[in-house]
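Each remark here refers to the structure printed beneath this line.
What follows is calculated from the coordinates using simple rules that are stated; it is not laboratory data. Keep in mind it's a predicted model, so treat the numbers as computed, not measured. Neighbour counts are summed over all protein chains in view; Cβ atoms, including those assigned to glycine, are modelled from backbone coordinates with ideal geometry.
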Amino acid sequence: MSTASVAAQKAAPLEESIEVLMHRLGKNAKSAGQVLSVASSDAKNKALRTCANQLRSATVAIIDANQKDLAWSKGKGLTKAMLDRLMLNDERIEAMAKGLEDIAELADPVGQVMDAWERPNGLKISRVRVPLGVIGVIYESRPNVTADAGGLCLKSGNAVILRGGSESLHSSMAIADCLHAGLKDANLPEDCIQLVPTRDRAAVGEMLRMTDFIDVIVPRGGKSLIERIDSESKIPLFRHLEGVCHTYVHADADIETARKVLLNAKMRRTGICGATETLLIDQNIAEKFLPSTVDDLVKAECEIRGDAAAQKIDARIKPATEDDWYAEYLDAIISVRIIGGLDEAIDHITRYGSEHTDSIITENANAAEEFLNRVGSAIVMVNASTQFADGGEFGMGAEIGISTGKMHARGPVGVEQLTTYKYKVVGTGQCRP
């Protein structure tokens, strides 16, 4: 049976209740995770490489499935940015396959000795990386998350339950079939990676209550989804909040560098969480920098909204409201503010940002160091596009998300961040006095 026909069969109406379905997935994941947690690196890497080859072989079937999702989503009125995130083509499928191969090349974190020491009484103690267990991933639009999350969880020894967005159901199922083929080829349980086969929103609510089966939830999506998961989940979260990312053009910035970086940071892909949404410009460089940058953005068909000072410099800038400073547009829109210096820039980022990714453009080493130290975001950059906020670009192979929380994992969540640790204690018969 072809990948497309398997996906269609799985997308058929459910014959069991959502509660029964989700608990079955949970039990299967728990069982499969016990096998995967002690699987060899060779077996996991073989599965990943086969998954990659299967994706390439199934490119036509995956694109056919994706076309069904695009047609369904257009009927639901999805924005242009959301449709871009949903769309798959040869290049994006190849990127998924290459990402899985990159994950296979990474060192296996499971079993790594993080530290070891011996006590005066002869006890030998070591702290060793182990999988988290079962991970639940809830995401919208982007079907590539199916491959990225599945591959990262596989490498780190975790079973995973994937609940993709309703708009990407057929695409995600076709991708999941390729992942299952890789697991089967490596003699690993196919239930190590499971996709929730329904658009029913009740599945999310049930998933968030499955404390007996799921150890951590990773949400990826818009503000409303994150807020719902944050309020309803009984399971710990890796919080992936919205990406209200800033690029600050400092008084000592090189104009051409700043233009190039800003245009990439905003317009390379507007629908990703690392896209710059607000441009901050030092008042001492604004007259030189802003008109040419507005030229660049207008040519790229980007709408510009700014404060009174920015509008005074360039009449093409529309008025910004207070809501614009908080906005994650995920579209070809940017807000612009003229500020009085480094302190004011950091104050703006602290007040309006989401602690995701923020960048300064400057040739002043002291200003760069102060920005790096004082901005409290998960990723802070100097003279680089915020669109580098990506696990693959960090050398992690891929990412399961960008964690903006401060507990356990922060920034790109890769294979190491999907592990915890335990202590191994070896003695020779010691008894505590």
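The table below gives the values:
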{"quantity": "Length released on extending from Arg24 to Val298, taking residue separation times 0.36 nm less the Cα-Cα span", "calculated": "93.4 nm"}
{"quantity": "Length gained when the stretch Thr211-Asn364 is fully extended (0.36 nm per residue, less Cα-Cα span)", "calculated": "50.1 nm"}
{"quantity": "Centre separation in Å (Cα based) which lies between the range 165-227 and the range 254-310", "calculated": "37"}
{"quantity": "Residues Val425 and Lys76, FRET efficiency given R0 of 60 Å [Cβ-Cβ distance, rounded to 0.05]", "calculated": "0.60"}
{"quantity": "Label zone at Ser31, where the point sits 7 Å out along the Cα-to-Cβ direction: the range 119-158 residues whose backbone N lies under 17 Å", "calculated": "134"}
{"quantity": "Cα shape, the range 245-388, gyration tensor, a/c 1.5 rule", "calculated": "rounded"}
{"quantity": "Förster radius 45 Å - calculated FRET efficiency between Lys260 and Ala116 (Cβ-Cβ, nearest 0.05)", "calculated": "0.40"}
{"quantity": "Crossing angle, helix 365-374 versus the chain [Cα axis fit, 0-90 degrees, rounded to tens]", "calculated": "50"}
{"quantity": "Label-to-label distance, nm, for residues given as Asn89 and Asp347 (7 Å Cα→Cβ offset)", "calculated": "4.5"}
{"quantity": "Cross-link reach list, lysines versus Lys288, counting only Cα pairs under 26 Å and skipping chain neighbours closer than eight places", "calculated": "Lys260, Lys266, Lys299, Lys312, Lys318"}
{"quantity": "Least to most buried among Cys51, Cys431, Cys302 (fewest other Cβ within 10 Å first)", "calculated": "Cys431, Cys302, Cys51"}
{"quantity": "Chain lengthening between Glu322 and Asp42 when straightened (0.36 nm per residue, less Cα-Cα)", "calculated": "95.4 nm"}
{"quantity": "Peptides ranked, highest mean first, by Cβ atoms within 10 Å: ranges 308-314, 103-109", "calculated": "103-109, 308-314"}
{"quantity": "Three-way shape call for the range 10-138 based on the alpha-carbon gyration tensor, with the a/c threshold at 1.5", "calculated": "prolate"}
{"quantity": "Global geometry of the range 154-306, whether rounded, prolate or oblate, following the gyration tensor of its Cα atoms and the 1.5 cut on a/c", "calculated": "prolate"}
{"quantity": "Cα long-axis angle, helix 59-75 against the chain (0 to 90 degrees, to the nearest 10)", "calculated": "60"}
{"quantity": "Spacing of the two label points (7 Å from each Cα toward its C-beta) at Ile125 and Ala308, in nm", "calculated": "6.3"}
{"quantity": "Calculated [θ] (222 nm, deg cm²/dmol) that DSSP helices of n ≥ 4 give over the chain, each run adding -39,500 (n - 2.57)", "calculated": "-13500 deg cm²/dmol"}
{"quantity": "Angle between the chain longest axis and helix 286-299 axis [Cα atoms, degrees, rounded to 10]", "calculated": "60"}
